[in-house]
1. Out of curiosity, is Leu39 of a type in the set (A, V, I, L, M, F, W, C), surrounded by fewer than 18 Cβ atoms within 10 Å (Cβ to Cβ) and touching a Pro at 6+ places or on another chain (Cβ under 9 Å)?
2. Take segment 105-117 and flag every residue that is within 21 Å of Thr52 (Cβ to Cβ), in contact with a helix residue (DSSP H, G or I) (Cβ under 8 Å, 6 or more places away or on another chain) and without any contact (Cβ under 8 Å) to a residue 24 or more places away in the chain.
3. Under 7 Å between Cβ atoms, at least 6 apart or on separate chains: pull out the pairs that start in segment 62-73 with a residue that is over 13 Å from Val96 (Cβ atoms) and end on any residue that is hydrophobic (A, V, I, L, M, F, W, C) and surrounded by fewer than 17 Cβ atoms within 10 Å (Cβ to Cβ).
4. Can we say Phe33 is closer than 20 Å to Leu82 by Cα, touching an Asp or Glu at 6+ places or on another chain (Cβ under 8 Å), touching a residue at least 40 places away in the same chain (Cβ under 8 Å) and not in a loop (DSSP other than H, G, I, E, B)?
5. Collect the residues in segment 118-150 that are open to solvent by 90 Å² or more (accessible area, probe 1.4 Å) and either of a type in the set (A, V, I, L, M, F, W, C) or touching a residue at least 60 places away in the same chain (Cβ under 8 Å) (or both), keeping them in residue-number order.
6. Which condition from (1) touching a Ser or Thr at 6+ places or on another chain (Cβ under 9 Å); (2) open to solvent by 30 Å² or more (accessible area, probe 1.4 Å); (3) farther than 14 Å from Leu137 by Cα is the one that Ala18 breaks?
7. Being of a type in the set (D, E, K, R) and modelled with pLDDT under 95, is that true of even one residue in segment 133-147?
Amino acid sequence: MRTINQIWQFVFQGKDSAPDATILIRLMAGSVFLWEGILKFVLANQGVGRFTKLGFPFPEFTADMVGTIEIIGGILLITGLLSRAAAITFIVEMLVAMLSTKITMYLGTSPLPLPSVPPQIGAWAVLHEIRSEYAQLMCCAFILWVGPGALSIDAWLRRKKKN
């Protein structure tokens, strides 16, 4: 079992074994989180309206908090600063997003609008609709596992600290 100190060191100072191409994964995941965060402030149906329909407590606060986390975290992933911490945050967020929206879709009781074309409920609908959350989750799991790569602020700070 890892100690809190070992986990802290892994998240903030962990070995980086990522290839340079990891920047593409960071850019993809970070940019999606960035613009989805902005949309939570721009479009009510993506922010407070969505959180209200889903039954989240304090939907205005929750929407603003999630939007802010997505904007800041997206920028962190894009730049490669505090990448593993941002990845952990987004892994948790994606799990909550999947559990809060896809179970009711499977059961046919979703408070959100159903997809416009079949399948609209059941396993196939969930598998089709979960694709972006799943992709974001896997990108963040990859960044958590291997690190942000050499083309990141995290790596630059680590090199600077060595010298």
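The values are calculated or read from the model by the stated rules, or taken from the named source; none is laboratory data. All figures in this text were calculated on a predicted structure; none of them were measured in a lab. Ideal geometry is used to build each Cβ from the backbone, glycine not excepted, and the neighbour counts take in all protein chains shown. Keep in mind that these areas ignore ligands, DNA and RNA; they rest on the heavy atoms of the full protein, side chains included. Shrake-Rupley method; radii C 1.70, N 1.55, O 1.52, S 1.80 Å.
1. Considered against the rule, which asks whether it is of a type in the set (A, V, I, L, M, F, W, C), surrounded by fewer than 18 Cβ atoms within 10 Å (Cβ to Cβ) and touching a Pro at 6+ places or on another chain (Cβ under 9 Å), Leu39 comes out as no.
2. Ser110, Leu114, Pro115, listed by residue number.
3. Pairs that qualify, where the first residue is over 13 Å from Val96 (Cβ atoms) and the partner is hydrophobic (A, V, I, L, M, F, W, C) and surrounded by fewer than 17 Cβ atoms within 10 Å (Cβ to Cβ), are Gly67/Phe41; Ile71/Ile38.
4. yes
5. Within segment 118-150, Ile121, Trp124, Leu127, Trp145 qualify.
6. Single failed check for Ala18: (2).
7. no
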